[in-house]
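A quick write-up on the structure given underneath.
The values are calculated or read from the model by the stated rules, or taken from the named source; none is laboratory data. Just so you know, these numbers come straight off a predicted model, no measurement behind them. All Cβ positions, glycine included, derive from the backbone under ideal geometry; neighbour counts span all protein chains shown. For accessibility, only protein heavy atoms count, side chains too; no ligands or nucleic acids. Shrake-Rupley method; radii C 1.70, N 1.55, O 1.52, S 1.80 Å.
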Amino acid sequence: MSRGADTRARILLAAERLMREAGLARTTTKEIARAAACSEPALYRHFTSKEDLVVAVLQERLPAFGPLISQYTTDPGGRSLHDCLVEIAVEATLFYEGSFAINVSLFSDPALLRRHREAMSALGTGPHLPLRDLAGLLRAEQARGRMSSGADPDSAAAALLGACFQRAFLHHFHGAAVADADTHREQAREFAIGVVATLVTGIAETHRNS
């Protein structure tokens, strides 16, 4: 690893730790630079702003489910719709759990939230994109004939990601014990399998004529 790449990696690691501990609103680039053992100007040689750094943390330090959605939209690779959605739900759950503490402090300061929203928009990113992209995947599945033509892709995408986000919220609210990485992922998978099975099969009883 080059010296520049090593500095960048240290900055990302320090930023993730501080944002998890203090929240995004209370973490400054000066504190991140100090924790990464570099100068603030050095930090800005790698990242144009704190928002740019936040995006990098979310994309590089946390489970990424956006690329998985894009991959399955283009080519499910022989996976069933159920299996595609389970894999996406696992990564979404882990992502929301990992990013919850980072972002939650934004909502205590409306002005800061507005500035952060504007910065995310300028960077071409934001929390609405996975929802949009998952709905796009479901439309692609409808075109492949693997999803009911009467189902609403936008509502289905919102139901799945909403369930993942709710689990992350309750995980943090109740102060759930942190399991090792493998156990944590397996717990997320068990949750995902149940949610996706319910979403795919529906909850209404099917009545058959005798």
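Extending 7 Å from Cα along the Cβ direction at D109 and again at H128 yields two label points whose distance is 2.4 nm. Using heavy atoms of the protein chains and a probe of 1.4 Å, the accessible area assigned to D152 is about 80 Å².
Compared with the direct C-alpha span, the chain from A177 to E118 gains 17.7 nm at full extension, assuming 0.36 nm per residue. Normalised Debye scattering of the range 133-210 at q = 0.24, 0.26 Å⁻¹ gives log10 I(q)/I(0) of -1.16, -1.24, counting only Cα atoms as equal scatterers and leaving out solvent.
Applying Stokes-Einstein at 25 °C and 0.890 mPa s to the Kirkwood radius of the range 1-49, computed over alpha-carbon pairs, gives a translational diffusion coefficient of 231 µm² s⁻¹. Percent of Cα pairs in the chain per distance bin of 10 Å, from zero to the largest separation: 8, 29, 31, 21, 8, 2, 1, 0. Computed extension length for T28-A158: 43.5 nm, one decimal, from 0.36 nm per residue of separation with the Cα-Cα distance subtracted.
Largest first, the three principal axis extents of the alpha carbons in the range 1-118 are 49, 40, 24 Å in whole numbers.
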